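**Q** Below: one structure in structure tokens.
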Amino acid sequence: MSNILEVQNLVKQYGDFTAVKGISFDIRDGEIFSLLGPNGAGKTTTISMLSTLYAPTSGDATIAGHSVKQKPMAVRNAIGVVPQDLALYEDLTARENLIFWGQMYGLSGKSLAARVDEVLEQIGLTDKAKDRVKTYSGGMKRRVNIGVGLLHKPNLLFMDEPTVGIDPQSRRAILDTVKDLNKQGMTVLYTTHYMEEAEELSHRVGIIDHGELIALGTRKELTRQVGQTETLILHIGENEDPEALVTALKDIDGVLEVNAIDHEIAVITHAAKDVLAPVVTKANERGIKIHSIDIREPNLEAVFLHLTGRALRD
Amino acid sequence: MIKTFLIGIKDLKLIFRDRAALILMLVAPFLLTLGMGLVTGRFSGSSNTGIADIPVIIVNLDKEQLGNALADVFTVEELAELVEPTFSEDSEAARIAIDEDTAAAAIIIPEGFTRSVIPQQGTFDEEPEALQIEVYANPARPTGAGIIKSIVDEFISRVEEGRISGQTAIFQMIISGRITPQQGEQAGMDMARRLEDSPTDNTLAIKLNTDTSGGEAVQFDVLAYLAPGMALMFLMFTVSYGGRSILAEKAQGTLPRLLVSPTNSAQILGGKVFGIYLTGVAQMLILIGASSILFQLKWGDPLAVLTLVLAAVFGASGWGMLITALARTPAQVGSVGSAVMLIFGILGGSFISLEQMPPAVQMVSKITPNAWALDGFTTLALGGTLSHLSTPITALLTMGLILFLIAVVLFGKKNLAQK
């Protein structure tokens, strides 16, 4: 399978701050590739460079064989972009928005009209096409936002956190749309800070943190990095001091690693059920009240925790 | 080019769907014009132009029938509130007074003017030497000078009309043998005496303009000053609102989205400018059309009005783009744009005739598109044609061009991609 996108040592600096620190990866034709990372990790900056909105400070990327630095116009013709925030004219109707954006991608006449009808059908807004976008719900606006990115049938679609701030039903519809588009042959670069979305959608995932790509692979490849471990998450009271308990928990047989973040303590072990009792005993001995305990099997969250010592939502 | 056009049309569509913008663009200037028209008595028939006591210096070196008749025109009761004549014997001193901006115009009636028009006894078959009345106009007071010139033009056209028709009639009678050349000379002298009495016809006092090419007399209408004044003031709102949309699109994310489509920056910026220009032209034409229909306002030669509108919007758009290029946020454009709209409205003569303002203010007013365009609209309302608009149109186009160039340089330093 050939690569539709190849990124080589991409760097973006703003003065002294480096938002993206020399990341490299590729995306194969026909796959869904997710960039997973917390807010501020550098996902949007990376997409902005790949979509030619920002010029890279150094490094380069090629999309469908065109350099983002040397051939930005060819790159723009090859990609579709669904930005994180809604980028629509709210005083225009959905149809008028799609017509205008289609014209910006060089469509015109009957082919534009036909394509607009197809996209409206695809995003499920044919009946509401003549209503102004400002009268739509958040989820409907998100669907129009995605529709704009599909108009010219791009080879590669960038979707930057398209489910942020919407209801579960709309979120489900968007995830299904992404899968449908992929089934129809569209390659997708999807950024998210929701581990579940990356797990559900992606053929491969790149985990990004503080501007660095810290892991890359399929879900299986990534969880293998954590090993066959489980994680106990202890939620303790706000007035409790976790540090004393962390030291005590490390002495329990079978405990591999213990990390404390605010009022949560993550205990990594091969068998959670074997260490559960001694963990509770240690907490009681020190008078630390445990509000609740979660047991997590290895997933991308665990991978992120394993690699950074922090939860994705932090 | 097509994308530039499409972006401009999209912006025009968006602004005409914004009720608040429409109120400020179209309803506010219309209502203000209506209100000021009511205050000045335009609609009750007791029209007061707001232009009064135009200082004029009359130098009558002729001292014969026609010279005296013209001087008398400026002292008739009907013009008492409009003009404030002073009489002088020294043409050079009068010119200096105009240069020093103490009056709107000087009328210099040369010695022998009457004899150059009316044949004297025994000289009927001689072609008299053509002498011309000089109207030495003050360029700093175009409206007042225009009105004075109109009065003089009216006087001359009546004299000329009478002289030519009289001569033609007498020559035809001589050729047909109805009268002898000696009788013709006597008839000419009789006609000349009647002509001396006619220029002070009372109708002159209420008709302040020269005849138009079609021969129809045009009245100077207070709304011909107020309506363009208000339209131009709110044109400044439109251009700053249009400029604001560039930064608003940046904040809303539609500008970055345009920048990642296969559309280059020049096409996008050009489209935004075209949208502002198109909106400004549409606003002016709607206001002109509405005032023509509802107030029966005569703006003047349609082609000249259209040309002036195109130039005025170009000049104003330059300011809109400069304000946008200097501002950081849409809110800044809004507040600075509103302030500029009011300041330019005052400086440009939308509320008070510039001729009633101190010379320093008149000088400063030249930076506003309002002043130049209002000068042009007044000229047209007074019967002027496109050929009389070369100065305001050149000034407006030059202003627009310079401001656009500065704005483009400033935009080049701005990061339009960053939200």
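Read the figures in this text as sums done on the coordinates, not as results from a lab. Nothing here was measured: the structure is a model prediction, and the numbers come from that model. Virtual Cβ from ideal backbone geometry, glycine too; neighbours counted across all protein chains shown.
**Q** Could you work out Rg/(2.2 N^0.38 Å) for the stretch A:228-297, with Rg from alpha carbons only?
**A** The reported ratio for this selection is 0.96.
**Q** Same structure again: How crowded by other chains is B:261-273, given as the mean number of beta carbons from other chains within 10 Å of each beta carbon?
**A** The per-residue average across the peptide is 3.
**Q** Extent of the stretch B:253-381 along each principal axis, from alpha carbon coordinates, in Å, largest to smallest?
**A** 52, 34, 22
**Q** Now for a separate question. For chain A, what does -39500 (n - 2.57) per DSSP helix run (n ≥ 4), summed and divided by total residues, give at 222 nm, in deg cm²/dmol to the nearest 500?
**A** Helix-only estimate at 222 nm: -11000 deg cm²/dmol.
**Q** A further question follows. Report, in cubic angstrom per residue, the convex hull volume of the C-alpha atoms of the stretch A:3-223.
**A** Hull volume normalised by residue count: 118 Å³.
**Q** If the label point is 7 Å along Cα→Cβ of A:Arg286, which residues in the stretch A:244-272 have backbone nitrogen under 16 Å from it?
**A** Of the residues in the stretch A:244-272, A:244-253, A:255-268 have backbone N under 16 Å from the label point off A:Arg286.
**Q** Grab the Cα-Cα distance for A:Val246 and A:Lys220, subtract it from 0.36 nm times how many residues apart they are, and report the gain in nm with one decimal.
**A** That pair, A:Val246 and A:Lys220, stretches by 6.4 nm at full extension.
**Q** How many angstrom lie between the Cα centre of the stretch B:1-16 and the Cα centre of the stretch A:202-272?
**A** First find each Cα centre; the distance between them is then 54 Å.
**Q** Moving to a separate point now. When all C-alpha to C-alpha distances in the protein assembly as shown are sorted into bins of 10 Å, what percent of pairs does each bin hold, rounded to whole numbers?
**A** 3, 12, 16, 15, 12, 11, 9, 7, 6, 4, 3, 1, 1, 0, 0
**Q** Pull up the cross-link candidates among the lysines for A:Lys153, meaning alpha carbon to alpha carbon under 17 Å and not fewer than 8 places away within one chain.
**A** A:Lys110, A:Lys179, A:Lys183
**Q** Okay, next question. Could you check the simple spin-label distance between A:Ser58 and B:Leu61, using points 7 Å along Cα→Cβ, in nm with one decimal?
**A** 8.4
**Q** Compute the separation of the alpha-carbon centres of the stretch A:39-82 and the stretch B:324-356 and state it in Å as a whole number.
**A** About 41 Å separates the Cα centre of the stretch A:39-82 from the one of the stretch B:324-356.
**Q** Rank the residues B:Trp299, B:Trp319 as a footprinting-exposure proxy: fewest other Cβ atoms within 10 Å of their Cβ go first.
**A** Ordered from fewest to most neighbouring Cβ atoms within 10 Å, B:Trp299, B:Trp319 come out as B:Trp299, B:Trp319.
**Q** In nm, to one decimal, how far is the A:Ile261 label point from the B:Val27 one, both placed 7 Å along Cα→Cβ?
**A** Going by the 7 Å Cα→Cβ label model, 5.4 nm.
**Q** Take the Cβ-Cβ distance between B:Gln356 and B:Val76 as r, set R0 to 25 Å, and report the resulting FRET efficiency rounded to the nearest 0.05.
**A** Given R0 = 25 Å and the Cβ-Cβ separation, E is 0.60.
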